[in-house]
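Before any comments, here is the structure.
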């Protein structure tokens, strides 16, 4: 498991709105049984609710998605199967969104 890897959302109920999740946990924290994740929501469901700097608009897997930073959560490592991709190229933007959520700057 690597930071910024993308996984299919294992939840059958929420995956309709949030098809993917992004693992944002640093690789140094690997001894615990959970991973910190942020869901990627389908942009069409959140068009009027996107807050710039907090939520990133991302085009991934031929879909327009939104990084739902306010919905940060943890999930059991056992539920995360093989990653299907990475958002490592958006590392700084994701960190900036988390920083904005915590500090407002």
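Only the coordinates and a few stated rules stand behind these numbers; no lab work does. Note that the coordinates shown come from a computational prediction; the quantities given were computed from them, not determined experimentally. Reconstructed Cβ throughout: ideal geometry from the backbone, glycine too, with neighbour counts over all protein chains shown.
Among the residues examined, residue 91 qualifies as surrounded by 12 or more Cβ atoms within 10 Å (Cβ to Cβ) and under 17 Å from residue 3 (Cβ atoms). Close contacts from the range 49-73, counting a first residue that is at positive phi and touching a residue at least 12 places away in the same chain (Cβ under 8 Å) and a second that is in a loop (DSSP other than H, G, I, E, B) and loosely packed, with under 14 Cβ neighbours inside 10 Å, with Cβ to Cβ under 8 Å and a gap of 6+ residues or different chains, come to 61/84. None of 10, 39 is assigned to a loop (DSSP other than H, G, I, E, B) and in contact with a helix residue (DSSP H, G or I) (Cβ under 7 Å, 6 or more places away or on another chain) except 10. For the range 43-57, a residue qualifies if it is more than 19 Å from residue 102 (Cβ to Cβ) and either within 12 Å of the chain's Cα centre (by Cα) or buried (at least 21 other Cβ atoms within 10 Å of the Cβ) (or both), and exactly one does: 57. Looking at the range 74-88, which of its residues are surrounded by 12 or more Cβ atoms within 10 Å (Cβ to Cβ) and either more than 14 Å from residue 24 (Cα to Cα) or in contact (Cβ under 8 Å) with a residue 60 or more places away in the chain (or both)? Residues satisfying the conditions are 75, 77, 79, 80, 83, 84, 85, 86, 87, 88. Assessment of the range 24-35 against the conditions (under 14 Å from residue 95 (Cα atoms), surrounded by 14 or more Cβ atoms within 10 Å (Cβ to Cβ), under 13 Å from the mean Cα position of the chain (by Cα) and touching a residue at least 40 places away in the same chain (Cβ under 8 Å)) yields at least one matching residue.
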